[in-house]
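Working notes for the structure below.
The values are calculated or read from the model by the stated rules, or taken from the named source; none is laboratory data. Quantities reported herein were computed from a predicted structural model and do not represent experimental measurements. Counting neighbours? That spans all protein chains shown, and the Cβs are built from the backbone with ideal geometry, glycine included. We work out accessible area using only protein heavy atoms, side chains counted, and drop any ligands, DNA or RNA first. Shrake-Rupley method; radii C 1.70, N 1.55, O 1.52, S 1.80 Å.
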Amino acid sequence: MGLFSRKPKTPKPVNSNGSSGGGAGNDSASVNSEGSNFRSSSHTGHSRIQIHNANRTSAGSVPQTPLTPMTPHLSAQAMSRVNLPKPPDPSLDAAGYLKSLGSVRERSKIVTDKALRNGLAHFDVDMDKFPDVVTFVCGIIKRDFDPPFLSIPPHGRYQHFCVGGRDRVANLLATFPDTVDSTEKCRRLIDLFLVSVLLDAGAGTSWSFKSAENGRVYRRSEGLAIASLEMFKAGLFSGNPGNKFQVDKDGLQKLEVEQLAKGMQSRPGSEIAGLEGRAQLLIRLSSALADKPEFFGDDGRPGNMIDYLLAHPTTQASSTPIVVLPTLWNVLMSGLGPIWPPSRTAIDGVSLGDAWPCSSMPQQAQPPTSPGFSPFPNSSGPSAAAWEAILPFHKLTQWLTYSLMQPMTNLLRIQFAGTELLTGLPEYRNGGLFIDLGVLTLKPDDLERGLQNYNDHYQRSGIKGVEVAPMFEPSDDVIVEWRGVTVGFLDQLLVEVNQALKKELHGGELTLAQLLEAGSWKGGREIAELNRPNTKEPPILIDSDGTVF
């Protein structure tokens, strides 16, 4: 068994109310076919959905992924000794506040509160369907893991490297000579995970990757993980002739779009979505690494952040170092800020990254178009400040944070204080779960506009669409509102899933990171496979540039 491994659980078929059926499924390491393992009497009867195992644990998800243990967790006594810094005051530093981790949940609450009153601009909300989501997610968790569910790993990129039950991370570590100590091993995994996460935007329906390791074909997030691993092992991202197993500023600076296309096997008929955007993201990463030697060292290497974190004055040095999570967040937000496209939202000249204007947020009043006329005749209260209309998510940075904690915890026994600040990831699998199970329904005018966008997109691309779905750009108000309510609904889902599984949890509770891993993300993918079996796409399509989703 590898460092990160666990014994696989024999899966059990269960139905939507969580009851077990007979029989056992067989693990399949191949994801050549991502057919659904759902059975339903109809595509509209959400409460009738049943979850079955057809020779594998999870259709299109991560079958039999090894465990990444994040224990021992900090004790309450240890936590009480850790002081977390507060986010900046938005009235004094709006950009700093909107880039803080704490702002994501705080600002999304505004949209979520509107959703609970069925007051969203683009979606009708039926909270009577929320119990269906809880039941569905609980069924998936109980299907794939044994109570009290201690073996559920936290959400992170690591699991995607282990598709098919093959612990590729442990295999990679085993290839390093004994002269490579644990700290350097951790640096190498941080290098790999960071690049892999940045490449983990939606790959598109047609793309697939054939692994040189075993000849099998992988798609979507798992395919992107395997592709990034094989490029990493080939030294594509390294500028150090003495160590190809690293990512550094020199290696990224010489990266060309054609090299990335070859490494990701993007080709006619199997093009990866947003290839140019992904390549430019990595090239900009080179400059960002060079600009922050205090974080990434003179060689501009992501893995050098370990040295910065361990030496930071807020880190409690002991047999188990305790790093304050906002310190890691600052490294990622400040150190990687320049990689985001310049077209992103900015305030006071500062680019905010993954943060967008949203009509469901408080709006700044506009001056009247004529004397005595107000464009907001029914508005009340003072006008909002400009920053209040912006909804922050920082999805890729949060995905990085979840993912980078894993090797640091496993290899160096670093603990992180403040992980409760992280939110559910506002992306199309988590968000699609609430649409496909009927909690959210796109309003007719937006549906019509989205379908027109879909038709226009496929006419431009010359590709014939298979399963029609509304499509929007990441900056569209529909998408921003959808993502905002997803953050809040995932928090509520965690509470209700823990309540529903109270007996099986034996006094414990699932963390949000475990819910994302074992329930919502996996559930969003699986229900998409049921409703759109040919493409397995989410219920709303994103016309992505490769830098958001």
Tell me, how many Å apart are the Cα centres for region 218-240 and for region 269-334?
18
What does a probe at Asn240 reach in region 398-415, counting residues whose amide N is under 19 Å from the point 7 Å along Cα→Cβ?
407-408, 411-412
Using the Karplus curve 6.51 cos²θ - 1.76 cosθ + 1.60 with θ = phi - 60°, what ³J(HN,Hα) values do you get for each residue of region 311-326, in whole Hz, with x for Gly and Pro?
8, 5, x, 7, 7, 8, 7, 7, 4, 10, x, 10, 9, 6, 4, x
Using a 1.4 Å probe, how large is the accessible area of Asp298, given in Å² and rounded to the nearest 10?
130
Roughly how many nanometres apart are two label points built 7 Å out from the Cα toward the Cβ at Arg117 and Asp348?
3.0
Any idea of the accessible area per residue across region 436-549, 1.4 Å probe, to the nearest Å²?
39
The percentage of the accessible area of region 402-506 (probe 1.4 Å, all protein chains present) made up of carbon and sulfur atoms, to the nearest whole number, is 51
Just the ratio, please: alpha-carbon radius of gyration of region 75-227 over 2.2 N^0.38 Å, N its number of residues.
1.43
Among Lys129/Lys502; Lys443/Lys503; Lys254/Lys395, which pairs are too far apart, with a Cα-Cα distance over 29 Å?
Lys443/Lys503
Could you tell me which of rounded, prolate or oblate describes region 422-492, using a ≥ b ≥ c as the square roots of the eigenvalues of the alpha-carbon gyration tensor, with rounded for a/c under 1.5 and, failing that, prolate when a/b is larger than b/c and oblate otherwise?
prolate
Rounded to the nearest 0.05, what FRET efficiency is calculated for Glu106 and Gln499 with R0 set to 22 Å and r the Cβ-Cβ distance?
0.35
Can you list residues from other chains, or at least 5 along the same chain, whose modelled amide H is less than 5 Å from the amide H of Thr511?
none
Dimensions in Å of region 457-549 - Rg and Dmax from alpha carbons
16.7, 56
Contour minus Cα-Cα span, Ser287 to Gln364, at 0.36 nm per residue, comes to 24.2 nm
Where the centre of each part is set by its Cα atoms, how far does region 427-470 sit from region 183-210, in angstrom?
27
Shape of region 226-353 from its Cα gyration tensor (a ≥ b ≥ c, root eigenvalues): rounded if a/c is under 1.5, otherwise prolate when a/b > b/c, or oblate?
oblate
Which order do Glu467, Glu276 take by accessible area at a 1.4 Å probe, largest first?
Glu276, Glu467
Extended-chain gain in nm, criterion 0.36 nm per residue less alpha-carbon gap, Lys464 and Asn171
101.4 nm
For Lys210, list the lysines whose Cα falls under 17 Å from its own Cα; do not include residues on the same chain fewer than 8 positions away.
Lys233, Lys262
